[in-house]
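The values are calculated or read from the model by the stated rules, or taken from the named source; none is laboratory data. Keep in mind it's a predicted model, so treat the numbers as computed, not measured. Positions of Cβ are backbone-derived with ideal geometry, glycine not excepted, and every protein chain shown enters the neighbour counts. Ligands, DNA and RNA are stripped out before the accessible areas are found, and what is left, the full protein with its side chains, is counted by its heavy atoms. Shrake-Rupley method; radii C 1.70, N 1.55, O 1.52, S 1.80 Å.
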Amino acid sequence: MTDPVLVEVLRGDIVESVHRGTVAIFDADGKAMLEIGDTSQAVFPRSAVKAIQALPLVETGAADAYGFGDKELALACASHNGETAHVELARAMLAKAGLSESALECGAHWPSYQNATTALARAGGSPSALHNNCSGKHAGFICACCHAGIEHHGYVKAGHAYQEMVREAMEGVTGAAHNADNRGTDGCSIPTYAVPLRNIAHGFARMATGVGLARARATAAKRLFSACMAEPFYVAGSERSDTKLMETAPGRIFVKIGAEGVFCAAVPELGLGIALKCDDGAGRAAEVMVAAVLAKLLAKDEALAEKLNTLANPALVNWNGITVGSLRPAAALA
């Protein structure tokens, strides 16, 4: 099955490029509300499922033991820019467990945000693991290990006691098998599993509603989603689509980007979960797709839908600041 064209890229008024993709929208009972393309295909959700991976941080009692509030929980679900606030909060999370950045096993890279990279370079600094976009998630992993009495060294490896907790959470929420047969290694070195897009969408609906989850897990899921919606800057950062979307509808939508054109989202008031993927891995197209889907789902709120549709139709601007084209949802999505 060939997935349909979902996003068009225009230069002037002429379509220059297209992006194909897949969209799944499910309710918490597992009913498909919308499926575009082959939603049975297995995809690596990558960072889009960090909120599910953060469940053990809350379920073990570690978040409460270390006094983590919304900002810390949002950072534990984040793919952040590496801005100063992100770096310092990740450092503070580790300090609660008596550890430093040397405990992180995610690797180091320059901040994802150009302004943060420029500031770090001008100050004569160099990137550390704290600048890694996944450092908040890893800080959460390590803190949960320490609280639960689990040796944190090697926490990124498949088979480690904590990764087994994460794997169980992923299986329990999505209902899809997570094992060696569908396992890969993520950019931050933890295991990642390829599962059907429809299972991921169903899982996010369950996270948003608590339906089908044990009481403790439902409570943890609500707490994590609420934290992310309350502190969207700590989920991503300046000029990021995740932050912009959640700031556009405060407390009403949860969104999280993943690598290679994946996006997951939830609309708690509708009890719906969303998972989508741009086939060629283009983040620019995935951002259009998720904004367009959210605009349709929230169409009854005309003012909000208009703002979301603006985000779904971004302008293309050249280096001289001249608008030279745009992106837009294609017919199959619109």
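Here are the numbers for the structure shown:
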| quantity | calculated |
| --- | --- |
| Residue ID - nearest to residue 161 (Cα to Cα), chosen from residues in the stretch 191-201 that are touching a helix residue (DSSP H, G or I) at 6+ places or on another chain (Cβ under 7 Å) and in a strand (DSSP E or B) | 191 |
| The listed residue being open to solvent by less than 20 Å² (accessible area, probe 1.4 Å), touching a His at 6+ places or on another chain (Cβ under 8 Å) and farther than 25 Å from residue 279 by Cβ, out of 109, 86 | 86 |
| Test: residue 158 is in a loop (DSSP other than H, G, I, E, B), open to solvent by 40 Å² or more (accessible area, probe 1.4 Å) and in contact (Cβ under 8 Å) with a residue 12 or more places away in the chain | yes |
| Residues being open to solvent by 10 Å² or more (accessible area, probe 1.4 Å), within 29 Å of residue 80 (Cβ to Cβ) and part of a strand (DSSP E or B) - total across the stretch 30-56 | 1 |
| Filter result for residue 92 (within 22 Å of residue 164 (Cβ to Cβ), out of contact with any His (no Cβ under 7 Å at 6 or more places or on another chain) and either in a helix (DSSP H, G or I) or of a type in the set (Val, Ile, Thr) (or both)) | no |
| Inter-residue pairs, beta-carbon under 6 Å, first buried (at least 21 other Cβ atoms within 10 Å of the Cβ) and in the stretch 12-29, second among the β-branched types (Val, Ile, Thr) and not in a strand (DSSP E or B), 6+ apart | 22/39; 24/39; 28/209; 28/211 |
| Given (1) surrounded by fewer than 24 Cβ atoms within 10 Å (Cβ to Cβ); (2) touching a strand residue (DSSP E or B) at 6+ places or on another chain (Cβ under 9 Å); (3) farther than 23 Å from residue 188 by Cα, index of the condition residue 207 fails | (1) |
| Criterion: open to solvent by less than 40 Å² (accessible area, probe 1.4 Å), in contact (Cβ under 8 Å) with a residue 40 or more places away in the chain, touching a Cys at 6+ places or on another chain (Cβ under 9 Å) and not aromatic (Phe, Trp, Tyr) - qualifying residue of 273, 325 | 273 |
| Filter result (among the aliphatic types (A, V, I, L, M) and either under 22 Å from residue 221 (Cβ atoms) or modelled with pLDDT under 95 (or both)) within the stretch 25-41 | 25, 28, 32, 33 |
| Filtered residue count, the stretch 169-190, keeping only those that are within 26 Å of residue 23 (Cβ to Cβ) and assigned to a strand (DSSP E or B) | 2 |
| Strands (runs of 3 or more DSSP E) completely within the stretch 205-279 that count 2 or more residues being β-branched (Val, Ile, Thr) | 254-258, 262-267 |
| Any chance residue 260 is among the acidic types (Asp, Glu) and farther than 20 Å from residue 9 by Cα | no |
| Of residues in the stretch 305-326 being hydroxyl-bearing (Ser, Thr, Tyr) and in a strand (DSSP E or B), the one nearest to residue 16 (Cα to Cα) | 326 |
| Any hit, the stretch 62-72, residues being outside any loop (DSSP other than H, G, I, E, B), over 25 Å from residue 266 (Cβ atoms) and open to solvent by 10 Å² or more (accessible area, probe 1.4 Å) | yes |
| Search result, residues across the stretch 210-230 that are under 22 Å from residue 291 (Cα atoms) and buried (at least 21 other Cβ atoms within 10 Å of the Cβ) | 224, 225, 227, 228, 229 |
| Check on residue 286, more than 18 Å from the chain's Cα centre (by Cα) and surrounded by 20 or more Cβ atoms within 10 Å (Cβ to Cβ) | no |
| Filtered residues of the stretch 96-115 (kept if closer than 25 Å to residue 57 by Cβ and either touching a Phe, Trp or Tyr at 6+ places or on another chain (Cβ under 8 Å) or part of a helix (DSSP H, G or I) (or both)) | 96, 97, 101, 102, 103, 105 |
| For residue 79: the one exception among (1) modelled with pLDDT of 95 or more; (2) open to solvent by 20 Å² or more (accessible area, probe 1.4 Å); (3) in a loop (DSSP other than H, G, I, E, B); (4) of a type outside the set (Phe, Trp, Tyr) | (2) |
